[in-house]
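> Following this message is one structure expressed as C-alpha cells.
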Amino acid sequence: MTGERQAVGLRLVDRTPTISATELAQTLVPPPQFDQASFDTYRPDPDHPSQQEALDKMRAFAASWGVQKSSGGGLFGRRKPKAPATKPGVYLDGGFGVGKTHLLAALWHAAPGRKYFGTFIEYTALVGALGYAQAVQLLTGASFIAIDEFELDDPGDTMLMTRLLGELASTGTRLAATSNTPPNALGEGRFAAADFLREIQAIADRFDIVRIDGVDYRRRDIEGHAVSLPDAAAVLEAAETHAAAGETVAVDSFTDLVGHLGTIHPSRYIRLIEGVDVIALTDVAPLTDQTDALRFVAFVDRVYDAQIRILASGTPLDQVFAGDMMNGGYRKKYLRAVSRLIASATV
C-alpha cells in the first residue's frame, strides 16, 4: 500500500517555481471559471435589488467606451452637448460571493483592445518583478485594467497603487475594481490609515462607487464546515481514488505546505499549483502566525481560481484562522478565504 500511495503523485513542497515578468503579465486574465462571463449570464438575486443596479451600472460603464470616442457635430453640424463628466473607474463594494468578480470579468470581456485582469496582489507582484517604470510602460496604453480583491495591507502598497492608478488614468486607461471594503475604509485596522488619507482619497476619487449586497452564492447550498476526513490515512485513500481516475494529485502535510509558502513569493503560487487537479492536505492545524495566515489566504485564492479541489484531515479548513485573527484588521480577507475553502473542500 505504501508504494501505491507514493505513486499518488507529487508534493507541492518539492516545487520551487519561477515565473518571468513576461509570463506574469500573460497571467493577467480572468480565472478559468469566468472565461464565458458576461452581463447576460449574471443572475441578480431579486431579494437584493442592488445586484440589478450594479449590473445596470456596469453595462452603462461598458457602453460608455464608444461614447468617449465620439466627437459629435462635424464642421457645420450642430455640436452635441457634452455628456456629463464620468470618472475613469468603477468600484464594486460588497460582501463575499455576490458576483462582483463575475461582473468585473464581464466588463473585461466587453472592453476593447489590450486589457488586463488581475488581483491586487498580482499587480503589486508585477511591479515587484519588473520595477515600477517598466510596469507602467507595460500597462500604459491598455484600454482597461481590472483589479479584483482590491485591498491595502500596508502603507507602501497605498503609495504604490495611488501613483500607478493615477498615471494609467491620466493616459486614458479605464479602471474597475472589486473589494469588500469601500475606498474610504481601505487600510482600516491594519496600519495608520489616518496618515495616508490623501492617498486613500486620491484612490477613491478615481472611482464611481457601486454597492452590491447579497448572500454568498458559494454557501447558499452548503451547511456547516469545510469537509474534513477522519485522519491522514483517509486523505491518502481518497487521494488514491482521484489519482486512479486520472487526476493529478499533490499530497502534503499542512504544516510543511505552510512553511513552504513562506519560501516562495505569492506571485509564484500560480505556478506552484500548475497542472494539479486535487490537493490533499494531512493534519490541518490552526494557524497562529498572521504572516503564515496571510500567505495561506493568497494560496487559497490561487487554488480557488484554478478550481482545484482540496482533500483534508484535521481541523476543518474554515477554522484554521485561530485566536483573534477573525476579529482583527484582516477579518474580511479571512472570511473570503473561509468561503472559498468551504467551496473547495471535497472528498
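The values are calculated or read from the model by the stated rules, or taken from the named source; none is laboratory data. Remember, it's a predicted structure, so these values are computed and weren't measured experimentally. So basically every Cβ, Gly included, is an ideal-geometry build from the backbone, and we count neighbours across all protein chains shown. Remember, those area values only see protein heavy atoms, side chains included, never the ligands or the DNA or RNA. Shrake-Rupley method; radii C 1.70, N 1.55, O 1.52, S 1.80 Å.
> Mind listing just one residue for me: the one in the stretch 269-306 that is among the basic types (Lys, Arg) and surrounded by 19 or more Cβ atoms within 10 Å (Cβ to Cβ) and, of those, nearest to SER344 (Cα to Cα)?
ARG302
> From the list PRO316, PRO286, exactly one residue is farther than 24 Å from THR248 by Cα and touching a Ser or Thr at 6+ places or on another chain (Cβ under 8 Å). Which is it?
The match here is PRO286.
> I would also like to ask the following. Output the number of residues of the stretch 233-292 satisfying the condition of being among the charged types (D, E, K, R) and not in a helix (DSSP H, G or I).
Residues flagged as among the charged types (D, E, K, R) and not in a helix (DSSP H, G or I) within the stretch 233-292 amount to 6.
> Can you tell me which residues in the stretch 324-347 are open to solvent by 40 Å² or more (accessible area, probe 1.4 Å) and out of contact with any helix residue (DSSP H, G or I) (no Cβ under 9 Å at 6 or more places or on another chain)?
ASP324, ASN327, LYS332
> I've got another one for you. Take ALA176 and decide whether it is closer than 29 Å to ALA60 by Cα and either crowded, with 21+ Cβ neighbours inside 10 Å or modelled with pLDDT under 90 (or both). Before you say what the answer is, go through the steps one by one.
On the way: closer than 29 Å to ALA60 by Cα: yes; either crowded, with 21+ Cβ neighbours inside 10 Å or modelled with pLDDT under 90 (or both): yes.
Against the criterion (closer than 29 Å to ALA60 by Cα and either crowded, with 21+ Cβ neighbours inside 10 Å or modelled with pLDDT under 90 (or both)), ALA176 qualifies.
> Shifting gears a bit: Any idea which residue in the stretch 142-165 is modelled with the highest pLDDT, counting only those that are surrounded by fewer than 19 Cβ atoms within 10 Å (Cβ to Cβ) and assigned to a helix (DSSP H, G or I)?
So, considering only residues that are surrounded by fewer than 19 Cβ atoms within 10 Å (Cβ to Cβ) and assigned to a helix (DSSP H, G or I), the one modelled with the highest pLDDT is ARG163.
> Look at the stretch 16-67 and say how many of its residues are in a helix (DSSP H, G or I), at pLDDT 90 or above and buried (at least 16 other Cβ atoms within 10 Å of the Cβ).
Going through the stretch 16-67 one residue at a time, the tally reaches 10.
> Would you pick out the residues in the stretch 111-137 that are in a helix (DSSP H, G or I) and surrounded by 18 or more Cβ atoms within 10 Å (Cβ to Cβ)?
PHE120, ILE121, GLU122, TYR123, THR124, ALA125, LEU126, VAL127, ALA129, LEU130, ALA135
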